[in-house]
Amino acid sequence: MKKIIPNIFTLLNLFCGCISIIFLQSKNFNDSAISTLFSIIFDFLDGFFSRLIKIENLFGKELDSLADMISFGMVPSIIVFILLENKTPIPFIEYLSFLISIFSAYRLAKFNINNNSDNKNHIMGLTTPVNTLFFSSLSLIITNDTVPFIVIINEKKIIYLIVMLFMIFLSCYLLVSKITMFSFNFKNFSWKKNKIRYIFLLISTFLLLTLHMIALPCIIIFYIITSIYFHKLKKIHIKT
């Protein structure tokens, strides 16, 4: 029975991903974002219980990737497709959104072969759940008419297109890049060994309290920048 528990959470992740897609068909970004959040929670619980009961098997790994492909591969592409559809001067440009699905599939397959589970302090490239969370939160901001800056961008179709295409290509690059991102696995609660995590969590909390809904994509961008900075700082320290 213990072996089934992680797989149950994986399937719940898949179920929430499918529900998110259903909500997106009616352009219901709010409920889609909630479903995506549950997908991320179930994905976390899947890995958590696998480590807790010390169960790792090829079936669970493959099932997890298949579920992630729907929840964190298809969902962000559909979100961007809807955000681009009928809003740009170039026809069929919205189909470029499915590059996110292609690069997500590539990342998931690559992760299955080159699993860096031996090093819990960092992850190579941007994970598909974080990438999906970025686009899911972005959809809520873009469709929110109360944000003045977003309203201006929405009215300028060329600017809107350039911004969206930049995000698509950047997302695809980060998914398969060799940039080291720090993980949130706390081995202990000491400041010295978890300095990066504590700084990040404190600043993220401040951003959430001040920027509210706009904070999420900002936090993810900050996460990427922080990871790159501390990784380069560590390299310099090793060389010296």
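Some notes on this structure:
- Summed over region 73-105, residues that are under 21 Å from residue 143 (Cα atoms) and part of a helix (DSSP H, G or I) total 18.
- Residue in region 82-89 that is open to solvent by less than 40 Å² (accessible area, probe 1.4 Å) and not hydrophobic (A, V, I, L, M, F, W, C) present: yes
- Residue match in region 66-73 (condition: open to solvent by 80 Å² or more (accessible area, probe 1.4 Å), under 22 Å from residue 217 (Cβ atoms), among the polar types (S, T, N, Q) and out of contact with any Pro (no Cβ under 7 Å at 6 or more places or on another chain)): no
- Cβ-Cβ under 8 Å pairs, at least 6 apart or on other chains, region 1-12 side farther than 12 Å from residue 47 by Cα, far side part of a helix (DSSP H, G or I) and of a type in the set (D, E, K, R): none
- Within the set 65, 77, the sole residue that is of a type in the set (S, T, N, Q) and closer than 24 Å to residue 144 by Cα turns out to be 77.
- Evaluating residue 109 against the criteria (1) under 17 Å from the mean Cα position of the chain (by Cα); (2) crowded, with 16+ Cβ neighbours inside 10 Å leaves one unmet condition, (2).
- Some residue of region 44-62 being surrounded by 15 or more Cβ atoms within 10 Å (Cβ to Cβ), within 18 Å of the chain's Cα centre (by Cα) and of a type in the set (S, T, N, Q): no
- Flag if residue 199 is modelled with pLDDT of 85 or more and either over 28 Å from residue 19 (Cβ atoms) or exposed (fewer than 13 other Cβ atoms within 10 Å of the Cβ) (or both): no
The values are calculated or read from the model by the stated rules, or taken from the named source; none is laboratory data. Nothing here was measured: the structure is a model prediction, and the numbers come from that model. No Cβ is skipped: glycine too gets one built from the backbone with ideal geometry, and neighbour counts run over all protein chains shown. These area figures cover heavy atoms from the full protein model, side chains too; ligands, DNA and RNA do not enter into them. Shrake-Rupley method; radii C 1.70, N 1.55, O 1.52, S 1.80 Å.
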